[in-house]
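> I'd like to ask you about the structure that follows.
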Amino acid sequence: MDKFDKPERILATALQLFVEYGFHGTPTSKIASEAGVSNGTLFHYFKTKDELVVSLYTSLKSELNQYLALKINEKDSIKEKFRSLFTYSVAWALENRDAFYFLQQFHFSPHLELVPAGVIQQQSELSMNLLQEAQSAKVLKPLPLELIASLFVQQINGLYQYLTTHTEPVEKQQKWINDVFELSWTLIANSEAQ
């Protein structure tokens, strides 16, 4: 195998194992073995297990952000931009279940503190820009932007949990996604914007 695909192979293997066994239940030796590399090779690319976990997080967040950036039409109204952000976040989560599970797992772990502030700011740029645009246009309720972002994300997480634990036809899933977006918009938008 080409040496340039080793880091990607290590990350893909780590994702599968972290989702299955958790961060603490997955030794780097198991990741290396299942990725088909030596421990030395793994540590050549990722100096510590923490660095590997954070690298996987930043890689997946970048993938999600690139996907969402392509789906948001700058000509749309603010509400429609939020709808796209919501709908396509759920779509990406459903299409990338292991990746989404890992991102949730990561957010509730001590590893989040290891991500440099600049990286967190860059990873949240798309959503924060949209929130600031909405705040400037006085479309949002007068709440801190971080609180609004958190409320919005929790709606996505809750809907994802529901859709992955209930078997529904695609048409019904689309209806739930739209209905939950409307509920979420009511939660964050001021009454004139609804």
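> Mind checking which pairs have a first residue in the range 26-50 that is free of Cβ contacts under 8 Å to residues at least 12 places away in the same chain and a second that is surrounded by 13 or more Cβ atoms within 10 Å (Cβ to Cβ) and not polar (S, T, N, Q), Cβ under 7 Å, 6 or more apart or different chains?
Ser38/Ala32; Asn39/Ala32
> Being farther than 21 Å from Gln105 by Cα and either in contact with a Cys (Cβ under 6 Å, 6 or more places away or on another chain) or not acidic (Asp, Glu) (or both) is the filter here; which residues of the range 30-43 pass it?
If we filter the range 30-43 for residues that are farther than 21 Å from Gln105 by Cα, which is where we start, we get 32-43.
Scanning the range 30-43 gives Ala32, Ser33, Ala35, Gly36, Val37, Ser38, Asn39, Gly40, Thr41, Leu42, Phe43.
> With the requirement that a residue be in contact (Cβ under 8 Å) with a residue 12 or more places away in the chain, outside any loop (DSSP other than H, G, I, E, B) and within 15 Å of the chain's Cα centre (by Cα), what does the range 113-124 give you? Before the answer, list the steps.
Taking the range 113-124 first, the residues in contact (Cβ under 8 Å) with a residue 12 or more places away in the chain are 114-115, 119, 123-124.
Of the ones still in play, those that are also outside any loop (DSSP other than H, G, I, E, B) are 114, 119, 123.
Result: Val119, Gln123.
Rundown of residues vs (1) over 23 Å from Arg97 (Cα atoms); (2) assigned to a helix (DSSP H, G or I); (3) more than 17 Å from the chain's Cα centre (by Cα), yes/no style:
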site	(1), (2), (3)
Ile10	no, yes, yes
Val19	no, yes, no
Val37	yes, no, yes
Glu51	no, yes, yes
Ser62	no, yes, no
Leu70	no, yes, no
Glu80	yes, yes, yes
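FYI, it's all coordinate maths here, none of it is from the lab. Note that the structure is predicted; figures quoted are calculated from it, not measured. Glycine also receives a Cβ, built like all others from the backbone with ideal geometry; neighbour counts cover every protein chain displayed.
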